[in-house]
1. From the helices alone, meaning DSSP H stretches of at least four residues, give me the mean residue ellipticity at 222 nm for the protein assembly as shown, per-run term -39500 (n - 2.57), in deg cm²/dmol to the nearest 500.
2. Output wanted: per-residue J couplings in Hz (rounded whole) for the range A:194-201, from phi through Karplus 6.51 cos²θ - 1.76 cosθ + 1.60, θ = phi - 60°, x for Gly and Pro.
3. Given labels modelled 7 Å from the Cα in the Cβ direction, how far is it in nm from B:Leu68 to B:Ala212?
4. Rank these for me by crowding, A:Asp200, A:Asp188, B:Asp294, A:Asp26, going from fewest to most other beta carbons within 10 Å.
5. Would you work out which of A:Pro187, B:Val83, B:Met205 lies farthest towards the positive end of the dipole of the protein assembly as shown, given +1 charges on the beta-carbon of Lys and Arg and -1 on that of Asp and Glu, about the Cα centre?
6. Can you give the net charge of the other residues whose Cβ lies under 15 Å from the Cβ of B:Arg94, counting K and R as +1 and D and E as -1?
7. A:Asp77 to A:Leu133: extension gain in nm, 0.36 nm per residue of separation minus the Cα-Cα distance?
8. How high is the FRET efficiency between A:Phe14 and A:Glu144 when r is their beta carbon distance and R₀ equals 30 Å, given to the nearest 0.05?
Amino acid sequence: MSRSQVAWLLTFYFGAVVVGVVFQIDRFPLSWVPMYSNYKPKNEKTPAPEAASSTGTAPVPVSKPPKEHRVKVRDADEAAKGFFATHRDGTESRIGMHELNIARRNMWRLYYQRIFGGDPPKFKQANRSLDPLSRWVRGLEEGEPVFSADWPRRLFRSVNATLGLRPEDPRFVMRLEAFQELRYFGPDYELLRTETRHADIHWNEEWAEDFAR
Amino acid sequence: MSVAGSLQRVGSGLFFTGFSGESLGLLRVWLGYTALVYCLFQFATLVILDPLGPGFYYIEPIWYFSVLGIDHHIPWLTPVSLVVMVAACVCVARGTHTRLSIAVLLLTILYLKGVRDSISGDVHHRLLIPFHMLLILLLSRSGDVHSVDARRNPARAPLAEWEASWPIRAMQAYLVFFYLFGAIAKLRVSGLVWFGGGRIEGLLMSRSVGFAHDVGGWSLRRLSWEMAQIPELCAFLGFLTLVFEVGFPVIFFWRSLTLRVLFLAGATVFHIANFVLAGVQFLLMPLLFVVFFDLAAIRDRLRARRRRSAG
């Protein structure tokens, strides 16, 4: 390559990188959001109803009570064992990383995030913060999300298809459950209580079309 | 003088001067072995998968898998890709069929990253910088120095300064962009509140008390726990993150070796602390900071020192 060709190449290359950032494209190897950027404070100041002015002026922001810190607990062994599954024939089993032949980290994301409806960071970041220009380029309406997924439906499809099960099979997975401990700490970081959240998703027969061959 | 002319002169000064062919060749050797360590660290989780086991149907295939219609994992292909990736890294470092090796390495990275990220739908960004650096190497003449290719074909013209400099400066530019865009993305998504300390506090708490069982290393996790309870410290660390990411591009313009060493030492501490205290997986990023140094000059300096001590 000649020197001027290299100059053009660099212009094009960095132009593409900048276009990716400007239009918020997150398609590897282009990315506008190279690190985890999503953060929403739990004790954000919000206008309380009683503080809103009756004269039509702006509501006065009022702090919520002292914050609690909620920590989602990950139990690596439990996540590896996997979902509590109920099959069409009524039997129950655990479906985990070994049955699905996936890595531990992938398994805990499915077990602690997707089954609870939790989106990957890529979804959250784009849905929360796409600029008007980026929305216009994608032809999105006001409030329309960039990414959306019916995670229960996708989970049933992934789990059953991986295990070679079709909707008519007696071993077809009809229900998946997961549990996660939540620890709540007070303003002085003392442990206040623990709770368990429970994800319980059921197969919908209308989704059988996902298995059409 | 026209504005375009001035820009061209500045761009030329920035991208086409400063390095020799030796520097580029040595950098390729470094990046080849670094890619080996980096990629093994990234894809270690795939090693345990059973090559004869079931193929997982992806929950959210990465975009290029969607385009190609790849909707499930092919388990036997993963260990094969890992072996090819390792061989390609070694070939890149040795400079054997350099361009082909780099292209193969990029393809294996795309495939293995696709497998890893499509299973649960996360798209990680830790491979962005190495990928772009390898892409730039692919377009350069990095295989013409310090390589098996160069020994096989000694008749090739030596690299001019501009040919050796632009790939290194382009890698530096991408790296500094990465950090700057990191800060811009945080501001776009979350606003200044990201840097207020709450995010740091959450990471530290999750790291320290977010595990069901004591998985070892409590002394370090205890440090995270203690730090999380000091809001002023978390706020200071948040502010430091902003300054660090926004300020990163200055290193592209610094000529002083001492300043660069000091800044990058700080950046290295930043990544190690992030990994140890908050579980952020950018631990190996400092290996890539070598692009900010002239490896040929360092080698010559070390040789001179060795000669002095021997003589």
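Rule-based calculations on the coordinates, nothing more; no lab input. Predicted, not measured: the structure shown is a model, and the values here were computed from it. No Cβ is skipped: glycine too gets one built from the backbone with ideal geometry, and neighbour counts run over all protein chains shown.
1. Values: 21 runs with 282 residues, N = 524.
Calculated mean residue ellipticity at 222 nm is -17000 deg cm²/dmol.
2. 10, 10, 10, 9, 10, 9, 9, 10
3. 3.6
4. On the way: A:Asp200 13, A:Asp188 7, B:Asp294 18, A:Asp26 21.
Exposure proxy ranking, most exposed first: A:Asp188, A:Asp200, B:Asp294, A:Asp26.
5. B:Val83
6. On the way: positive: B:Arg28, B:Arg99, B:Arg151, B:Arg152; negative: B:Asp144, B:Asp149.
With Lys, Arg at +1 and Asp, Glu at -1, the net is +2.
7. 15.7 nm
8. 0.45
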